[in-house]
Amino acid sequence: MADIRSEGAPPEETGPGRLRRFRWPVLFLLLAALAALAPAYVGSTQWQRVAKVQDGVRAVGTFHAEGSNCWGQRCWVEFEVDGKRVEADLPALTSATPSKVSRDGLPITIRYLASDPTVAAEEDGFGYVVAITAALSLPALILLIIGLGTLVAVLRGRRPFSPWSS
């Protein structure tokens, strides 16, 4: 009786090393998951901050910024509530320099909570949150594509990183 190995069939992968072929796809998919944590956290916290005040009181105030962006430097708005001058810090993803022109000292339309006027955000400020979150998500997307590509290569019986070999 002929042995199956003598007929040219590949040996069945069994034993402790059979899952080793999945180490690259698993590694890339884990890195993609880790890289997705930062944009998910930043996006959700900023989205909640902007969404919390969207039903609030509308006001026009004066925009102030310590630097060219609100991510690393402080940005705030001064406006009046019941005849009193209030300073409210703006979220980190507030756009400070549209079209490369500084907004410092210019009017800005905001919404604030009636119960706490120091909690404010730019009216319709969701666009910048989405743009920054999408930009921060690019490394996670690239790692996900690489991870899925290596997984497909492994499932097809090819070694990862050699898709053109037969």
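The values are calculated or read from the model by the stated rules, or taken from the named source; none is laboratory data. All of these numbers come straight from a predicted model, not from anything done at the bench. Backbone-built Cβ (ideal geometry, glycine too); neighbour counts: all protein chains shown. Note: accessible area is taken over every heavy atom of the protein model, side chains too, but ligands, DNA and RNA are not part of it. Shrake-Rupley method; radii C 1.70, N 1.55, O 1.52, S 1.80 Å.
When both the range 25-79 and the range 104-123 are represented by their alpha-carbon centers, they are found 15 Å apart.
Counting only heavy atoms of the protein chains and using a 1.4 Å probe, Trp47 has close to 110 Å² of accessible surface. Taking all protein chains together and a 1.4 Å probe, the residues Leu29, Leu19 rank Leu19, Leu29 from largest to smallest accessible area. Take the Cβ-Cβ distance between Val60 and Ile142 as r, set R0 to 35 Å, and report the resulting FRET efficiency rounded to the nearest 0.05. Using R0 = 35 Å, I get an efficiency of 0.25.
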